[in-house]
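Presented below is the structure to which this report refers.
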Amino acid sequence: MQSHSFISARRLAYSLMILTFFFSGRLEAASEKEWTPSITLTPPSPFTQNIRVDLRSALYNPSDATQTFHWSFSAASPNRTDHIQQGKTVVAPRSWEGVKVPWKPKGYESAHHIVFSATNGSQSYAASQSIEIVSSTVRSTQQIDGAWMGFYHWSETEGKLWNRDIRTLTDDQWKELVRGMHEIGMNIIVIQETFRNQVYYNKHDIPENGYHGRAFYPSHLYPGRMDIAARDPVEAVLSQADALNMHVFMGVGLYAWFDFSADSLRWHCEVADELWQKYGHHPSFYGWYISEETPGFIHVSANDSPQEIAQYQKEIIEFFQQFRTHVHRFAPHKPIMLATNCHFVTQTEAAWRQLVRCCDIVCPFGFHRMPQGDVTGEDAAAWLQNICDEEGGHLWMDMEVFLFGSQGELYPRPIKGLIDDLLRFPIFEKILCYQFPGLMNAPESSVHPGGRATVQLYEEYKKFYKTKRNSLGLKRGGE
């Protein structure tokens, strides 16, 4: 009886602590018209105890004098509170500074709150985020954690089975797709691109004749708009994701495929500024996705000369170094992600190491279809994970949920292939898929781009997801 009363008292104190931390930051921010701290976890919950998690937050100094903040991260549960790390950070006037702490969650296998608190001596701020840590023998939860969301496929051939329907989707119907993702635990959304410009590196005249891409949102930078029914699908996705506690990568692009030149960098910084100004207030705005992609050997063609390879690799490293510096001026706690293919990655170790140092997350694809003469998919994944471990990066997987039809069209991959990949590649801390629109549809959605086969794949995966979720002891969607 005494033990029961003690636990109840601790739970009550824990609940009050979480509420106090949460509301103190919110109320002070509202009354002082300043900032409210937030927490970004890389990767987001749920995750297993076998990975490294980056705990991130940001400190803002709105005053005209330098301020010193004392801060701490803690892991709190009804039965224990552990201080993870504390420190102090000097913030220049009217500036942001990020806080990033690596944390290994082994030994915390259950539901917790990560709490961030900070004080500048006169005011105190706090934020809290609930997480679930899964006990597992492998790194992955072996579920699909999220998906790409393209508002219109770049190739009419590949998008033949769904582009016509996707073009007609309204803002409310894009919200339906987000709800469908959430229902099966796909709580990470990667917006494929916010601009369409179907040109390639070294094969365009943008520097000479200007950028003529078209936006998927109401942009003030360039007049062109994509011919789709939705007024602002970016806002629709973010607002629905807010309501469901999901995470959205903002796709900055497309300038030109594979293009990381100085001109591309300037364009990306300009677009990122506008995207943050328009959408940065959304709690679901998780990070930045650079849409341009690149081959796994980090140059454009197998026929590139050594000089061309060196120039391209110099450009891509400088791109991510400088883009990161730019967005950290106003969002230092938001990670940056790049997707590549995974083919022949082992040929380019030095460049990969540099890339991982300045790109928080790499999310390669194609592990189940390695080319002749390359290593196995398992070996490529292990090699990349070793690079990420040594250089402080995060390795996620971009799993393909499509196959190519006889005319090049994409259609849903049979569920056996998805399950095989999830079980075959347990090394990834997160597994995303390309893509949800046009390849998977919840049956209750008002429109099913891609047809009946997409609903079938959704329902088949949902059965697997429910079984896997229950075996891991997860709540729905990892909430």
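Some observations on this one:
- Checked against the criterion of being within 26 Å of residue 130 (Cα to Cα), out of contact with any Ser or Thr (no Cβ under 7 Å at 6 or more places or on another chain) and part of a strand (DSSP E or B), the candidates 422, 474, 432 yield just one match: 432.
- Condition check for residue 28: at pLDDT below 95, in a loop (DSSP other than H, G, I, E, B) and not assigned by TED's automatic domain parsing to the domain that holds residue 282: no
- Residues that are among the hydroxyl-bearing types (Ser, Thr, Tyr) and within 18 Å of the chain's Cα centre (by Cα) were ranked within the range 141-195; the one that is farthest from residue 211 (Cα to Cα) is 141.
- Qualifying position, being closer than 19 Å to residue 262 by Cβ, in contact (Cβ under 8 Å) with a residue 40 or more places away in the chain and in the same structural domain as residue 449 (by TED's automatic domain parsing), among 418, 355, 384: 355
- Residues (more than 30 Å from residue 329 (Cβ to Cβ) and either touching a Gly at 6+ places or on another chain (Cβ under 8 Å) or in a strand (DSSP E or B) (or both)) located in the range 41-74: 46, 48, 49
- Just one residue in the set 88, 104 is in the same structural domain as residue 38 (by TED's automatic domain parsing) and out of contact with any Phe, Trp or Tyr (no Cβ under 8 Å at 6 or more places or on another chain); that residue is 104.
- Looking at 406, 445, just one residue is in a loop (DSSP other than H, G, I, E, B), touching a residue at least 12 places away in the same chain (Cβ under 8 Å) and surrounded by fewer than 21 Cβ atoms within 10 Å (Cβ to Cβ), and that residue is 445.
- Qualifying positions in the range 154-206 - touching a helix residue (DSSP H, G or I) at 6+ places or on another chain (Cβ under 6 Å) and in a helix (DSSP H, G or I): 171, 174, 175, 178, 182
- Qualifying residues in the range 96-109 (those that are without any contact (Cβ under 8 Å) to a residue 60 or more places away in the chain and in a strand (DSSP E or B)) - the one nearest to residue 334 (Cα to Cα): 101
- From 197, 187, residue being at pLDDT 95 or above, assigned by TED's automatic domain parsing to the domain that holds residue 235, closer than 23 Å to residue 275 by Cβ and touching a Pro at 6+ places or on another chain (Cβ under 9 Å): 187
- Helices (runs of 4 or more DSSP H) wholly inside the range 225-336 containing at least 2 residues that are within 21 Å of the chain's Cα centre (by Cα) and among the polar types (S, T, N, Q): 233-244, 306-327
- Test: residue in the range 372-387 that is touching a strand residue (DSSP E or B) at 6+ places or on another chain (Cβ under 6 Å) and either under 22 Å from residue 434 (Cα atoms) or among the small types (Gly, Ala, Ser) (or both): yes
- Some residue of the range 309-324 being under 19 Å from residue 221 (Cα atoms) and buried (at least 16 other Cβ atoms within 10 Å of the Cβ): yes
- When residues of the range 49-73 are limited to those that are surrounded by fewer than 20 Cβ atoms within 10 Å (Cβ to Cβ) and among the small types (Gly, Ala, Ser), the one farthest from residue 430 (Cα to Cα): 65
- Close pairs from the range 253-278: first more than 20 Å from residue 148 (Cα to Cα) and among the polar types (S, T, N, Q), partner at pLDDT 95 or above and part of a helix (DSSP H, G or I), Cβ under 6 Å, at least 6 apart: 261/315
- When the test is whether a residue is of a type in the set (Gly, Ala, Ser) and in contact with a helix residue (DSSP H, G or I) (Cβ under 8 Å, 6 or more places away or on another chain), residue 417 does not pass it.
This table checks each residue for (1) surrounded by fewer than 23 Cβ atoms within 10 Å (Cβ to Cβ); (2) under 20 Å from residue 338 (Cβ atoms); (3) not polar (S, T, N, Q).
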position: 373; (1), (2), (3): yes, no, yes
position: 381; (1), (2), (3): yes, yes, yes
position: 387; (1), (2), (3): yes, yes, yes
position: 390; (1), (2), (3): yes, yes, yes
position: 398; (1), (2), (3): no, yes, yes
position: 410; (1), (2), (3): no, no, yes
position: 414; (1), (2), (3): yes, no, yes
position: 424; (1), (2), (3): yes, no, yes
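- Filter pass, residue 339 being in a loop (DSSP other than H, G, I, E, B) and closer than 22 Å to residue 273 by Cα: no
- The one condition in (1) surrounded by 17 or more Cβ atoms within 10 Å (Cβ to Cβ); (2) modelled with pLDDT of 95 or more; (3) assigned to a strand (DSSP E or B) that residue 88 fails to fulfil: (1)
- The listed residues are 241, 215, and the only one of them that is touching a strand residue (DSSP E or B) at 6+ places or on another chain (Cβ under 6 Å) and buried (at least 23 other Cβ atoms within 10 Å of the Cβ) turns out to be 241.
- Test: residue 398 is acidic (Asp, Glu), in contact (Cβ under 8 Å) with a residue 24 or more places away in the chain and not in a helix (DSSP H, G or I): yes
- Every condition in (1) buried (at least 23 other Cβ atoms within 10 Å of the Cβ); (2) under 20 Å from residue 317 (Cα atoms) is met by residue 357 except one, and the failing one is (1).
- Residue check, residue 452 in contact with a Gly (Cβ under 9 Å, 6 or more places away or on another chain), without any contact (Cβ under 8 Å) to a residue 60 or more places away in the chain and basic (Lys, Arg): no
The values are calculated or read from the model by the stated rules, or taken from the named source; none is laboratory data. If you're wondering where the values come from, they're calculated on a predicted model, not measured in any experiment. Methodologically, a virtual Cβ is constructed for each residue, glycine included, from the backbone with ideal geometry; neighbour enumeration extends over all protein chains shown.
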